[in-house]
Structure formats: C-alpha cells, structure tokens
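Each reported figure results from applying straightforward, stated rules to the coordinates on display, with no laboratory input. Only a predicted model underlies this, so the values are computations on that prediction, with no experimental measurement involved. Heads up, the Cβs are rebuilt from the backbone with ideal geometry, glycines too, and the neighbour counts pull from every protein chain shown.
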Amino acid sequence: MKFRKSLLLLLSIAVALVLAACNGGGDDNNNEEGQEGDGQKITIFQSKVEISEALEALATEYEEETGVEVEVIGTTGDDYFQQLQIKLNSNQGPSIFSVRHITEAEKLQSYLHDMSGAEFVEHVAPNMALEYDGKIVGVPYGVEGFGLVYNKDLINPEDVATQEGFVETLESFNGTDVAGLSLAQEAYFLIGHISNYPFSLQEDNYAYVQSLNNGETTMSETAEFQAFGDLMEDIRANIPSPLDISYDEQIGDFATGKTAMIHQGNWAYGMFADYDLDFEIGMLPFPLLDNDKLAVGVGSNWAVNGTKDEAEVQAATDFLNWMHTSETGQRYIVEEFGFVPAFTNIAAENLDPLSQAVLDATNAGQTIPWSHNYYPANLVVNDFTPAAQNFFLTEDVTGEEFIESLDAAWDNATK
Amino acid sequence: MANRMTKGWYLFFTLPLLIIFVTVVIIPFLMGIYYSFFDWDGIRANPMVFVGLENYGQLLGDTRFIDSAWVTVKFTILAVITVNIIGVAFALLVTTSLRTVNAARAMLFMPNLIGGLILGYIWQFIFSDAFKIIGEATGFDSVFFNWLLDPDYALYALVFVFTWQMAGYMMIIYITGIQGISNDIIEASVIDGAGYWQRLRKIILPLLMPSFTICLFLTLSFGFKIYDVNLSLTGGGPVNKTELFALHIYNEIFGYGNYGFGQAKAVVFFVIVAAVTLTQVYITKKREVEM
C-alpha cells in the first residue's frame with residue numbers, strides 16, 4: 001500500500017515535469033540560451049577533420065588578438081550532421097557550424113542567421129554563397145574538387161584519359177606490388193563522391209535529380225549510369241577491396257608509393273603533411289565516358305547560429321569577418337586549411353598541387369558540378385553505402401544490379 | 001519520534017536517487033512515448049504533426065526493422081549462451097585451489113573495465129589487421145580473415161567481443177554463488193562417493209540457480225540493449241547485416257530524421273525486452289532451490 005502511494009506520487013511528479021518540459025519546448029524556440037553569453041565566448045563545430053588542428057591554432061590567434069574566446073569542438077566526420085542535430089536540440093548548439101548544402105539548410109532553416117549585409121559576405125565569389133529563402137545563410141569554406149589523385153612517377157595522364165585506357169591501366173598493375181587505384185571505406189570516399197559523375201554528366205544535373213525524385217526516370221534506364229555500372233565492375237575486379245581500407249590507410253599507401261591513384265579531392269593534401277612525398281602528385285578527371293573535367297563545388301559552408309543571443313551572434317559574425325578579411329585569417333584559409341578560396345578578396349598563391357589543379361580547372365572552365373549536394377538528405381550514408389558495400393563484397397553482383405540497388409536506395413530515401 | 005527520525009533519514013538518502021532516476025529515466029521514457037505519436041523530424045523548431053498510432057502501424061511493413069529485430073534476437077541468444085558458459089567455466093576454474101587464483105580473477109575481469117566503444121575499436125583493429133596477418137602467416141585463412149567484412153561472421157565477431165567483455169563480469173557473480181555453497185554439502189557428497197561431474201551436476205549447478213537468475217537477466221538485457229560495441233566494431237555493416245536494435249533506432253531517428261517513428265520502435269523495443277527478461281526471471285526463479 002505504502003509502495004503504491006509513493007509510486008503514484010513519483011509518477012505524478014514525473015508527469016507534471018514532463019508537461020512542463022513539453023510546454024517549454026513549444027515556445028522558446030527562438031530564444032535558446034538567451035540569458036547567458038556576453039559575446040566573449042563563441043563555439044565552433046565544423047565538419048572537416050582535415051582542418052581541425054589549423055582551426056584551433058587560428059582560434060588561439062584570434063583570442064590573443066581580440067580576447068574573445070573561441071572554442072573549437074572536435075569533429076567526427078561522417079556523422080557530423082547527426083551530432084550537430086543532437087547538440088542543437090539539447091541547447092548546446094555551437095555559435096558557428098557548417099551546413100553542407102541546400103537540403104541541410106532547409107532542415108536547419110530556423111537556426112540559420114541571415115548574414116546578408118555583413119562586410120565579408122560582399123566578397124564571396126558570385127553564385128557561391130549559400131542562399132535560402134532569399135537570405136544568405138552560409139559562406140563557402142572554399143572551392144573544392146575531386147578526381148583521380150595520381151602519382152606522376154607511376155601514371156601517365158594520357159593513359160587514363162579515356163575509360164578504356166583507364167581500365168587497361170588498372171589491369172596493368174595486377175600482379176605487381178602496386179595497386180592501380182584505391183577507394184576507402186568511408187561513406188563519401190566509397191560511393192558518395194564517385195557517384196557524382198553519372199549525375200554531373202547529365203545536361204542539367206539538378207533537373208535530373210528532380211525527375212528521379214518524381215519517379216519520372218530511373219538510373220537503370222540512363223546511359224551514363226549503365227556506363228558507370230560497367231566501370232565500377234571493372235574497378236572492383238582490379239583494386240583491393242575498399243571496405244578493408246580506411247581513409248588513413250588509403251592516404252598512407254598512396255604516399256608510400258603502394259598505390260598509383262586514389263579517388264580523392266584536394267582536401268586530402270593536408271593528410272600528406274605526415275609523409276615525405278618523394279614523387280610529384282597531380283589530379284586528373286575521372287574518365288567515366290571519357291570525361292575530361294574535374295568535379296568542382298563548394299564542400300561546406302560556415303553558418304551562424306541565429307538562435308543565440310545577439311552578442312554571441314555578433315561575436316560569431318565578427319570571427320567569420322576577421323577570418324575572411326584579416327591577413328592572418330586569409331593566410332590560414334589558403335595555407336593552413338589548403339582551401340581554394342571562394343572569396344574575391346583572397347588571393348590564391350602558393351597553392352598545393354591538388355588545389356592548384358582545381359583552381360586551374362575552374363579558371364579554364366574544365367569543371368563539372370557536384371551533384372551530391374542535391375541528393376536527398378543523408379542518402380549517401382544511409383542508403384548508398386550499404387548498396388556499395390554489398391556490391392564490393394559480393395563478386396556476383398553485376399554493375400547493372402548495382403545501379404538497380406542505387407535506384408532502390410533512392411526510392412527508400414525519398415519515400 | 002524515533003520512527004519519524006528513521007523516516008527522515010530514509011527520505012534524505014532516497015530523495016537524491018529518486019530525483020536522478022526520475023529525471024534521467026522516467027521523464028525521458030514518458031517523453032519518448034509521447035513523441036511516438038507524432039510525425040516529426042527531430043528538429044525542435046519544425047512542426048510536429050499528431051498521427052496517433054500510425055507510427056506503430058507502419059512498423060510491421062518495415063523490413064529493415066524486422067531484419068534488425070531478428071539479428072538482435074540471434075545475437076542475444078548466442079551471446080547469452082557463450083557468456084554464461086564461459087562465465088561459469090571461469091568461475092569454476094578460479095574457485096579451485098590453483099595458486100594463481102587471484103591474479104587469474106583480476107585478469108579475467110579486466111576486459112570489463114574497458115569501455116565498450118574503445119573495446120570495439122581495439123577489436124576492429126584486431127579483426128581487420130591482426131587476423132589478416134595471422135591468416136597469411138599460418139595459412140589458416142579460412143578462420144583468420146577479416147570477420148567484419150563477412151555479413152555472417154560480423155555477427156559472430158560481435159558475439160565474440162561481447163563475450164570477451166561480459167564473461168569476466170558474470171564470473172564474479174558465479175564466484176559469489178559458488179562460495180556461498182556450504183562446505184558441509186560438498187563434503188557430504190565427497191564422502192558419499194560422488195565424483196566431480198556428479199557433484200557439479202547434482203549439487204553445484206542446482207545451488208547456483210540464484211546466480212543464474214541474475215546472470216541470465218543481465219546478459220539478456222545487456223545483449224538486447226547493446227549499442228556501443230555494435231557502433232564501434234561494425235557500425236551496423238556490412239550491408240546493415242549487424243544493425244542491432246539500439247543502433248537501428250538511432251539510425252532511424254538521426255540518420256533518416258524520423259523522430260516519431262524511431263520513438264515508436266523504441267517503445268516496442270522496450271516492451272519486448274521487458275517481456276523477455278521478466279519471463280526469464282519468472283522461469284528461473286521457479287527453479288531456484290533452497291539449501
């Protein structure tokens with residue numbers, strides 16, 4: 001009896017608290033952490049593993065210069081968006097975070113601060129700012145490009161300029177100690193980036209994605225995808241299993257000459273800092289259907305959390321402003337982060353060879369756009385990756401069946 | 001007066017615990033049930049649409065959910081068997097008169113002190129690198145290959161690591177059980193001429209039933225709820241073949257952004273775990289014998 005009574009008491013307390021919590025959740029959306037923060041401390045949570053250390057160094061310099069404390073929260077890579085969501089929901093959201101593309105911006109719209117009018121935003125290269133609903137909600141990290149990063153001692157660019165030549169080159173490495181090409185097990189390195197090509201080779205890749213979403217077409221009936229399926233089959237037959245290789249190992253093997261080519265982007269250059277490269281490297285287009293253009297786009301955007309109090313939003317904007325206009329900030333962006341700047345006021349000098357290749361391709365107009373920014377949210381991690389794992393694990397899955405499984409994955413993500 | 005004093009003390013000591021329990025268990029639990037009736041993407045500012053029981057209705061048609069449930073059951077059955085057999089074996093071993101008993105106990109328990117996440121990463125390295133090297137060196141590459149890349153073996157790898165982690169913990173419980181058995185009975189059986197196996201089967205194991213109740217309960221519920229080792233060892237891969245229930249719910253909520261649907265799964269999960277463990281406690285309780 002006594003036990004019952006106390007249980008009842010306990011439950012009624014709990015229910016009362018729940019109701020209070022739910023009420024609270026309803027109306028303080030635009031006002032989280034409104035009471036604290038005097039603009040003396042901002043937090044940054046960003047998605048690029050490669051720049052973590054450099055960003056922390058930059059934060060220290062900023063703190064020395066201005067006295068504003070900048071805390072950089074360690075990043076985790078593939079599950080960044082999930083982590084960000086958890087932080088935002090539990091009121092521990094950072095003042096500055098990154099938004100990869102418009103689909104993410106749409107999801108997080110209520111958190112995004114409108115940066116239009118801030119000084120540094122005027123310098124963003126044309127069409128490069130992330131706009132949502134007529135507001136500028138994100139400024140680009142930089143322009144990035146990916147393709148075949150190759151060892152100039154082992155690969156002759158002309159040999160891999162065509163799809164046929166590329167496959168022949170891969171085959172020529174069979175039986176040697178050197179692998180022709182390697183992919184890595186991480187979602188974007190396994191399938192996310194490489195799946196761009198058949199999309200981006202469409203006349204209008206955005207329209208194509210839309211028609212996929214509407215069910216008007218399928219990948220299986222599109223010529224570029226059929227070719228992609230065939231090529232992936234050839235790749236699978238001639239490279240070590242990518243599921244066995246982590247990003248670190250992929251870079252390590254390439255840097256020590258055990259792999260001739262890797263499918264990577266200019267961001268990977270920072271990873272080579274730990275190695276003494278005794279050969280020259282460069283970047284070539286991935287020759288699907290003899291494609292001769294690098295895939296270039298904006299990898300991520302800085303966004304300011306508009307739900308913080310005014311002082312903190314201001315401090316966050318000030319930091320971004322400083323980063324993009326001061327000499328120190330600009331030097332970090334180009335030299336330490338290794339970004340190809342997407343700002344007209346930042347000169348791109350002394351770029352590393354991979355970034356230089358991206359910049360050259362951009363200036364020469366030899367680029368195709370990124371399509372994965374238009375994919376349904378989280379498609380690559382949730383649905384494409386299992387399909388790709390299945391393809392690489394099971395030898396008897398044909399390229400055609402692989403493309404069909406990508407279709408199924410797309411349907412699952414848009415249902 | 002004295003009575004009131006004790007009551008005061010009771011309250012003083014239980015209240016903090018009660019508050020913690022209510023805030024971290026009861027409230028989230030009730031909120032979870034509440035959210036399971038909504039269609040919501042988990043972002044606070046976005047609209048929550050009340051859909052009633054629709055989320056629960058959708059569950060049966062979700063093949064990935066069914067697959068995950070089946071894998072979890074398979075994992076739990078395997079894990080309960082291996083953890084308890086090895087736990088009992090360890091316990092019997094370290095209650096003998098071996099000279100290294102204390103060191104052995106400490107070492108067997110030690111894996112349990114390492115956090116599940118770290119454990120998963122350590123074993124991931126062992127499976128993907130060490131196994132491959134052993135396989136190449138010894139030629140037994142039908143056993144020593146990267147288990148994590150094979151859809152079936154990845155599950156066995158999970159069972160293996162979970163056993164490695166939990167067996168020492170269960171051993172401790174079994175040790176207390178064994179030490180609780182009165183020497184008189186053992187001696188009497190020896191005098192009556194019972195051999196070791198007879199003694200084990202007819203006396204020690206029946207008298208260990210209370211320990212079995214506890215250990216089966218713990219391994220069952222730990223097994224069902226496993227998340228950390230799953231996340232770091234296989235991440236649900238390859239091809240989602242080792243996506244156990246807790247990870248599946250996480251992916252539904254944070255991967256696909258179906259907060260309400262994921263919560264509905266969590267509620268169903270709770271009901272299943274509660275039903276299974278309570279049944280088990282009921283059954284094993286009945287088999288406990290008094291000395």
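Taking only the Cα atoms of chain A, the ratio Rg/Rh comes out at 1.02, with Rh defined as the Kirkwood radius. Taken one residue at a time, the phi angles of the range A:165-179 give Karplus couplings (6.51, -1.76, 1.60, θ = phi - 60°) of x, 4, 5, 4, 4, 4, 5, 5, 8, 4, x, 9, 6, 9, 8 Hz. Gly and Pro are set to x. Peptides A:297-307, A:90-100 ranked from most to least packed by the mean count of surrounding Cβ atoms within 10 Å: A:297-307, A:90-100.
Projected over all directions and averaged, the alpha-carbon convex hull of the range B:36-287 occupies 17.4 nm².
Simple rule: put +1 on each Lys or Arg Cβ and -1 on each Asp or Glu Cβ in the protein assembly as shown, find the dipole, and look at A:TRP322, B:ILE133, B:GLY168; the Cα lying farthest toward the positive end is B:GLY168. So, in Å, what gap is there between the alpha-carbon centers of the range A:54-105 and the range B:1-71? So the separation of the two Cα centres works out to 30 Å.
Shielding by partners for peptide A:87-99, expressed as the average number of C-beta atoms from other protein chains within 10 Å of each residue's C-beta, is 1. Counting Lys and Arg as +1 and Asp and Glu as -1 over every other residue whose Cβ lies under 15 Å from the Cβ of B:SER142, the net charge comes to -3. Sorting A:ILE346, A:ILE262 by the number of Cβ atoms found within 10 Å of their own Cβ, with the fewest placed first, yields A:ILE346, A:ILE262. Compactness of the range A:278-415 was expressed as the Cα radius of gyration divided by 2.2 N^0.38 Å, which yields 1.41.
In chain A, the longest principal axis of the Cα atoms and the axis of helix A:310-325 are about 30 degrees apart.
Axis angle, to the nearest 10 degrees, between helix A:80-89 and the longest C-alpha principal axis of chain A: 10 degrees. Reported value for the range A:97-165: 160 Å³ per residue, from the convex hull of its C-alpha atoms.
Do any chymotrypsin sites (Phe, Trp or Tyr not before Pro) in the range A:218-264 lie in a DSSP loop with no more than 15 other beta carbon atoms within 10 Å, and if so, which? Hits after loop and neighbour filter: nothing returned.
Peptide B:39-46 is shielded by partner chain Cβ atoms: per residue, an average of 6 of them sit within 10 Å of its Cβ. With a Cα cut-off of under 26 Å and a minimum spacing of 8 residues unless on different chains, the lysine pairs in chain B number 13.
In the protein assembly as shown, the DSSP beta bridges split such that about 70 percent are antiparallel, to the nearest 5.
Only Cα pairs under 8 Å and at least 6 apart count here; give the relative contact order of chain A as a rounded whole percent. After rounding, I find 26 percent. Shown for B:MET107, B:MET171, A:MET128: other C-beta atoms within 10 Å of each C-beta, ranked fewest to most, produce the order B:MET107, A:MET128, B:MET171. Say a site is exposed when it is one of the GluC sites (Glu not before Pro), sits in a DSSP loop, and has at most 14 other Cβ atoms within 10 Å; what is then the longest site-free stretch of chain A? Here the longest run is A:37-202. The per residue volume of the convex hull around the alpha-carbon atoms of the range A:166-251 is 107 Å³.
The trypsin sites (Lys or Arg not before Pro) of the range B:49-135 that DSSP puts in a loop, and whose beta carbon has at most 11 other beta carbons within 10 Å, are B:ARG99. Suppose each label sits 7 Å from its Cα in the direction of the beta carbon; what would the A:GLU119-A:ASP177 distance come out to in nanometres? Inter-label distance under the simple model: 5.7 nm.
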